[in-house]
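To start, the structure under review is shown below, and the notes come after it.
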């Protein structure tokens, strides 16, 4: 797998924190030329100061035209990880249109926008690339207070299946990973209440939450030629949550 990434250029959105940062650093370790895209300017600069060979791009993915221009200016990629996302929690009966719109704009619409640009360049350069979209177990199961988030991630799964069908003939694969709760810094904060955490863990047969590296490893596999016949799947990383 090390040799596979040595000559590859890969874009990771949400690349300076959480799962995205984990993916960026693992790809860097495996020899890829990585570009980390985010709206968090300070975190991007910190990443570049620690790893000068990692490229950075700063843009708010809610801005369709600006994002499109920035991604286009970055050139050609062999792989794309759409990791930028937001989790806005409100009960179904209280969910505001702004909450729903923000969730769809960042979690779903931005993937459409960025992937269109990257995939067109893959096609024009005859690159048989790989696209990995970060979804969630929330796309497959209803979760209390997650109506906007569940809807946005369900749309990611559906969109990815269409990507697989339409991009597959060009040799471009598209898949999602669908983790349970992941212990990023934010994840640890959100699930710090032991009672709240235990309620969720009780639904996971392995009895624990997911570590960042456990998600990163699956993303790296899907990006690589080790997964050359995997296309259009949703890969749970949930300790069996969806099996119950």
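What follows draws every value from the coordinates through simple rules; no lab data is involved. Not measured: the values here are computed from a predicted model. Cβ atoms come from the backbone with ideal geometry, glycine included; neighbour counts cover every protein chain shown.
If neighbour count is taken as other Cβ atoms inside 10 Å, put 136, 7 in order from fewest to most. Don't skip to the end; give the middle numbers.
Values: 136 30, 7 10.
The order, fewest Cβ neighbours first, is 7, 136.
Compute the length gained on full extension between residue 213 and residue 49: take 0.36 nm times their separation in residues and subtract their Cα-Cα distance, giving the result in nm to one decimal. Going from the current span to full extension adds 56.8 nm. Placing a label point 7 Å from the Cα of residue 225 along the Cα-to-Cβ direction, the residues of region 14-30 whose backbone N falls under 19 Å of that point are 27-28, 30.
Computed from the Cβ-Cβ distance with R0 of 35 Å, the FRET efficiency linking residue 195 to residue 7 stands at 0.10. Annotation: extensible slack from residue 72 through residue 143 equals 21.9 nm (criterion: 0.36 nm per residue apart, minus Cα-Cα distance).
To the nearest ten degrees, helix 64-73 and the longest principal axis of the Cα atoms of the chain are 40 degrees apart. The angle separating the long axis of helix 18-29 from the principal Cα axis of greatest extent in the chain is about 30 degrees. By the equivalent-ellipsoid construction on the alpha carbon gyration tensor, region 87-204 comes out with semi-axes of 31, 16, 12 Å, ordered largest to smallest. For the chain, the longest principal axis of the Cα atoms and the long axis of helix 147-167 meet at an angle of about 30 degrees.
Normalising the average separation of contacting C-alpha pairs (under 8 angstrom, six or more residues apart) by the number of residues puts the relative contact order of the chain at 19 percent.
Can you sort 157, 225, 193 by how many other beta carbons sit within 10 Å, fewest first? Don't jump to the answer; show the numbers that get you there.
Working: 157 18, 225 12, 193 9.
So the ranking, lowest neighbour count to highest, is 193, 225, 157.
Please compute the modelled spin-label separation between residue 29 and residue 188, points set 7 Å along Cα→Cβ, answer in nm with one decimal. Here the modelled spin labels are 1.8 nm apart. When peptides 237-244, 68-75 are sorted by average Cβ neighbour count within 10 Å, with the highest value leading, the order is 237-244, 68-75.
Taking 0.36 nm per residue of sequence separation and removing the Cα-Cα distance, the residue 96/residue 126 pair yields an extension gain of 6.4 nm.
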